[in-house]
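This report concerns only the one structure given below.
The values are calculated or read from the model by the stated rules, or taken from the named source; none is laboratory data. Because the structure is predicted, anything quoted here is derived from the model rather than measured. Here the Cβ positions follow ideal geometry from the backbone for every residue, glycine too, while neighbour counts run over all protein chains shown.
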Amino acid sequence: MWWVCWWESVGVSYQPSSTVSESGVRPLSRPQLSEARRVRAVELFEQGCSTSEIAAMVGVHAESVRRWRRAWENGGAQALRRRPAPGARPKLDDAQVEEVRAALERGAQAYGFEADLWTLERVGLVIERVTGVTLSRATVWRVLTGRLGWSLQRPERRAAERDESEIARWIAHEWPRIKKGR
């Protein structure tokens with residue numbers, strides 16, 4: 001894994017999981033890693049390295065290095081920096097998302113709902129109460145899964161009369177008897 005050695009040589013750490021490392025530092029995202037490659041390429045441009053050498057050191061195709069070199073020659077190192085993602089700005093900023101997280105962690109009953117169960121409609125109402133911003137169901141889903149990191153949880157459907165010991169007894173004694181009778 002040549003890229004691990006290269007990243008360590010330039011002081012960049014990469015962890016594929018999205019968890020925080022032991023040092024308390026979040027791992028670099030894919031766009032940050034790509035930018036680190038381009039920054040390293042700029043350093044190598046300035047040292048006079050050839051396109052093929054840079055491509056091998058950075059781990060990209062030579063055509064990418066040629067494209068980076070043209071951008072660098074026309075706009076300097078700033079031309080190779082990361083740009084913000086295109087599109088509309090999120091309706092909720094990071095502080096509002098944290099307010100929503102705190103509100104949701106209090107539970108649904110804290111907001112007057114009968115059961116402590118979150119639905120998209122309920123979460124949308126809480127977001128509106130907490131932030132004053134009305135979101136569609138799809139946007140509420142994106143906030144929950146993307147920005148908060150929550151996932152869909154469905155309650156198991158089981159009969160209230162279910163007797164686990166009787167089920168275990170049936171599996172241990174009755175099922176083998178039935179199976180033998182075939």
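Here are some notes:
- Just one residue in the set Ser13, Ser29, Ser50, Ser64 is over 30 Å from Val140 (Cβ atoms), at pLDDT below 90 and among the polar types (S, T, N, Q); that residue is Ser13.
Okay, residues lined up against (1) over 14 Å from Glu46 (Cα atoms); (2) not polar (S, T, N, Q):
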{"site": "His61", "(1), (2)": "yes, yes"}
{"site": "Arg70", "(1), (2)": "no, yes"}
{"site": "Asn74", "(1), (2)": "yes, no"}
{"site": "Arg82", "(1), (2)": "yes, yes"}
{"site": "Ala85", "(1), (2)": "yes, yes"}
{"site": "Pro90", "(1), (2)": "yes, yes"}
{"site": "Ala95", "(1), (2)": "yes, yes"}
{"site": "Glu98", "(1), (2)": "yes, yes"}
{"site": "Arg101", "(1), (2)": "yes, yes"}
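- Count - residues of the stretch 71-102 that are surrounded by 12 or more Cβ atoms within 10 Å (Cβ to Cβ), within 21 Å of the chain's Cα centre (by Cα) and in a helix (DSSP H, G or I): 6
- Residues of the stretch 40-50 that are outside any loop (DSSP other than H, G, I, E, B) and buried (at least 16 other Cβ atoms within 10 Å of the Cβ): Arg40, Ala41, Val42, Leu44, Phe45.
- Evaluation of Asn74 against (1) in contact with a helix residue (DSSP H, G or I) (Cβ under 9 Å, 6 or more places away or on another chain); (2) on the phi < 0 side of the Ramachandran plot (one fails), failing number: (1)
- Within the stretch 51-70, the set of residues being closer than 19 Å to Leu33 by Cβ, of a type in the set (A, V, I, L, M) and surrounded by fewer than 17 Cβ atoms within 10 Å (Cβ to Cβ) comprises just one member, Ala56.
- Remark: pairs (first residue in the stretch 134-149, of a type in the set (D, E, K, R); second residue outside any loop (DSSP other than H, G, I, E, B); Cβ separation under 6 Å; 6+ apart in sequence or on different chains) = Arg137/Leu120; Arg147/Val97.
- Subset of the stretch 132-165 [surrounded by 10 or more Cβ atoms within 10 Å (Cβ to Cβ) and over 23 Å from the mean Cα position of the chain (by Cα)]: Val133, Thr134, Asp163
- Filtering Arg158, Arg101, Arg122 for residues that are at pLDDT below 90 and outside the structural domain of Ala41 (by TED's automatic domain parsing) leaves a single hit, Arg158.
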